[in-house]
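Single-structure report; data block below.
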Amino acid sequence: MALLGGGFIAMNNVQGRIDGLDTELANTQSTLSDTERDLDKAEKAQELAENARDAAQGQAEDAKARLSKAVSDLVQQRDRANEHEDNANKLQAELVDARKFSES
């Protein structure tokens, strides 16, 4: 009878250990599932961030190109303005010379 009682206790211990391992396995699987979901969310967020970064870099490159063109256009406008100013000064000098000539 003692042998039977000892076997029963040993079987209960084994069953308790199996139940504990089943619970631990279920918890681990749940944690793994949660982690995989979190990883999927993080990967999607990373993809969105990379897309936003790429779009921002494209916009920055466009802005640099537009700025470069604006600077070039401004230089051309300054050159034309200086040329017009030089022409105006020459015309004014010619007008002064013409007045002096007509007054003499």
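Please indicate, with yes or no, whether at least one residue in region 19-26 is surrounded by 10 or more Cβ atoms within 10 Å (Cβ to Cβ), within 41 Å of the chain's Cα centre (by Cα) and either at pLDDT 95 or above or not acidic (Asp, Glu) (or both).
Checked region 19-26: at least one residue is surrounded by 10 or more Cβ atoms within 10 Å (Cβ to Cβ), within 41 Å of the chain's Cα centre (by Cα) and either at pLDDT 95 or above or not acidic (Asp, Glu) (or both).
Give region 34-71 a look and list any residue that's under 19 Å from the mean Cα position of the chain (by Cα) and among the polar types (S, T, N, Q), or say none.
46, 51, 57, 59
The values are calculated or read from the model by the stated rules, or taken from the named source; none is laboratory data. In this text, all values refer to a predicted model and were calculated from it rather than measured experimentally. Backbone-built Cβ (ideal geometry, glycine too); neighbour counts: all protein chains shown.
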